[in-house]
Ligand code: UT7
């Protein structure tokens, strides 16, 4: 029997309607369109404004979009992995709620948190469940409502992040398509440079923590930038070498959309033409767990069966890695 690999067989997505442009940010903080565009590549981002709705709202919409496109009965799903850094609430798993809401009543579900690498790590987990032979349909969703943890008076972070969700379905493949190789890394040195100080078990919420704005994302952008550039480029280069892939062999780079300059640095190290680098950061900013599936969704019509794709991400923690995957279908 041929070896079982885990292939992506369907994609779905959702972004909220509300657009926050650089021009509007200029009215909120001391910044300007030119600075944001040249330093990050971002022009606008989407924000979820619906009262009382969180990450699950977007995750459900992205999953429903996938179910409809793939004409899939949710009862056939075995497992739902919810990649997110902004769960609806602590303790009660967002993924469990999402699975029930979409009708995946035969699935078990859990959340996976690895900051901006959550979806990449989720690809690894989904693939391992499929390769085990025990599970046939694994739904991986990346969804984040970053606007719920951003201080819109802090220009160092509010210009970067946006909200959104994407979903992919992993299924077994015996033609050699799907996930081929992965390099996943983490280093706790990163904890100081990108974090939310309060609201966890070390510093629970109090009047003081609210007053001190310790429930918002803090980022030492310069330091994270340096680690991200070298980390993402290193693993991407290594995964190419390890699989004897030259730049000609690679069809697409699907990289976490945190900063256009980080993506360009990775593509340069890999020797890739700009045309092979999927980019949508200008539209959505950094949507954390949703950047990779949003790219797949936006560019799905250009991907062809057999295409060699390198996925790469870098996030808080630090967490980072690269995955080599062969695309399994042509639209
Ligand atoms: O996705 C998870 C991982 N996260 C990342 O990968 C993000 C990594 N970091 C970055 O993308 C970049 O560091 C930022 C976009 C956050 C910042 O860009 P930078 O080129 O590293 O800027 P900087 O922090 O070094 O600041 C340069 C200057 C400073 O002014 P001085 O000290 O040179 O006078 C800042 O005060 O730009 C100033 N600045 C701004 N100016 C206008 C910082 N933020 C802004 C702003 N508008 N929004």
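What follows is calculated from the coordinates using simple rules that are stated; it is not laboratory data. Everything quoted here is computed from the prediction, not taken from an experiment. Neighbour counts are summed over all protein chains in view; Cβ atoms, including those assigned to glycine, are modelled from backbone coordinates with ideal geometry.
With r defined as the distance between the Cβ atoms of residue 244 and residue 302 and R0 fixed at 30 Å, what FRET efficiency is calculated, to the nearest 0.05? It comes out at approximately 0.75.
What is the packing order of peptides 217-229, 24-36, 252-264, 7-19, taking the mean over residues of other C-beta atoms within 10 Å and listing the highest first?
252-264, 7-19, 217-229, 24-36
Report the calculated FRET efficiency for residue 92 and residue 70 (r = Cβ-Cβ distance, R0 = 22 Å), to the nearest 0.05.
0.20
The simple spin-label model puts a point 7 Å past each Cα toward its Cβ; for residue 185 and residue 19 those points are separated by 3.7 nm. Taking label points 7 Å from Cα along the Cα-to-Cβ direction, residue 175 and residue 331 give a separation of 1.8 nm. When both the stretch 1-25 and the stretch 130-164 are represented by their alpha-carbon centers, they are found 10 Å apart. Note on 129, 329: ascending count of other Cβ atoms within 10 Å places them as 329, 129, the fewest first.
Of all DSSP bridge pairs formed entirely within the stretch 5-177, close to 65 percent run antiparallel. Where q = 0.13 Å⁻¹, what log10 of I(q)/I(0) comes from the Debye formula for the stretch 1-142, counting one point per Cα? Computed log10 I(q)/I(0) values: -0.66.
Mean-square fluctuations from a GNM of the chain, with a 10 angstrom spring cutoff on Cα atoms, peak among 153, 100, 288 at 153.
Per-residue packing, averaged as other Cβ atoms within 10 Å, sorts the ranges 81-91, 275-285, 306-316, 206-216 into the order 306-316, 81-91, 275-285, 206-216, beginning with the highest.
Remark on the stretch 104-252: Rg and Dmax equal 18.8, 58 Å (Cα only). Computed across the chain, the Kirkwood hydrodynamic radius from all distinct Cα-Cα pairs reaches 19.8 Å.
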